[in-house]
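Derivation of every value follows stated rules applied to the coordinates shown; laboratory data play no part. None of the values given here were measured: they were computed from a predicted structure. Here Cβ is always computed from backbone atoms with ideal geometry, including for glycine, and neighbour counts include all displayed protein chains.
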Amino acid sequence: MKPIFYIITCDKTNHILNVTIPFLDKYWNIPKEVKILGFGNPNIELPDGYEFISMKPKQLSIEDWSNDISNVIEKENNEYIIFMLDDFIPTDYVNVNVLEKVYSLIEKDKNIVRCALGIDLYVNSPYDIIEECDGYDIIQQKQESSYRITTQPSIWKKDYLVSYLKKSTNPWSFETKNKANDGYRIIGTKDNYSFKWIEESALSGRHPGKVNILGMKPNDIKWCIDNNLVEEEIL
């Protein structure tokens, strides 16, 4: 199991990769391949196994967001990928046992098209418990749930993700206009999770000019400040 990450960024937000990438590399401490999709090259030295892909020289319109991404991802050879935005900063080590369990379910059932890696499916959606495990439950999102399509870090069946990107324009239409009550299965976990990141996202119109770090460990915050990755006064 060597997951393929696709991290979506743009010239306006790619500065946050200076925080996200070091903690992804620290906390996802098992084999992985990471592809960062953006426009201009971010000012960051990428670790081994990370690749920056320019979708085009410049983002012409946010209304092209979905199309720009789908044009790249649809060429991916792997059946499943991990899809996320650039400002979901990891906060703890990957839980390999939970991750291997959900991957085994995905591989057995081709109707499972998304698996939430974190808490979002549990807290944001009505769900059914489909399997009880040691210390956690496997849950399935109900068909009538909102946000079945989301940018929260998830394992996706690539072709399914691309199909909904092609129905969308900007990030908001991707998440809010795609109801996806289509009979396919979306799963996650309750009480224990494959991966954890900050609550909400680091960059948001709710906090203009600020960086949300809610959920980060104090030592990680201090490391960011000491290494001049982010200014303390904007945290």
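Length gained on full extension, residue 11 to residue 123: 37.2 nm, using 0.36 nm per residue less the C-alpha separation. A 18 angstrom limit on the alpha carbon distance is what I want to check against. Which of 75/158; 110/179; 35/167; 75/157 exceed it? With Cα atoms farther than 18 Å apart: 110/179; 35/167. Between amide H atoms placed 1.01 Å from N, distances below 5 Å from residue 133 occur with 138, all of them 5 or more places distant or on a separate chain. Note on region 153-197 and region 41-89: Cα centroid distance 16 Å, given to the nearest whole angstrom. Working from label points 7 Å from Cα in the Cα-to-Cβ sense, the residue 59 to residue 79 distance is 3.3 nm. Taking each residue as 0.36 nm, the span from residue 229 to residue 43 lengthens on full extension beyond its C-alpha to C-alpha distance by 65.8 nm.
If a spin label sat at a point 7 angstrom from the Cα of residue 130 along the line to its beta carbon, the backbone N atoms of region 150-189 nearer than 18 Å would be those of 150, 154-161, 180-189.
Across the chain, Cα pairs under 8 Å and at least six residues apart give a relative contact order of 23 percent.
Here is the list for region 109-153: GluC sites (Glu not before Pro) lying in DSSP coil, each with at most 10 other C-beta atoms within 10 angstrom of its C-beta, are 144. Within region 77-235, the percentage of alpha carbon pairs spaced more than 25 angstrom apart rounds to 35%.
The HN-Hα couplings worked out from phi for region 139-153 by the Karplus form 6.51 cos²θ - 1.76 cosθ + 1.60 (θ = phi - 60°) are 10, 10, 5, 6, 4, 7, 5, 7, 6, 5, 9, 8, 8, 4, x Hz, whole numbers, x standing for Gly and Pro.
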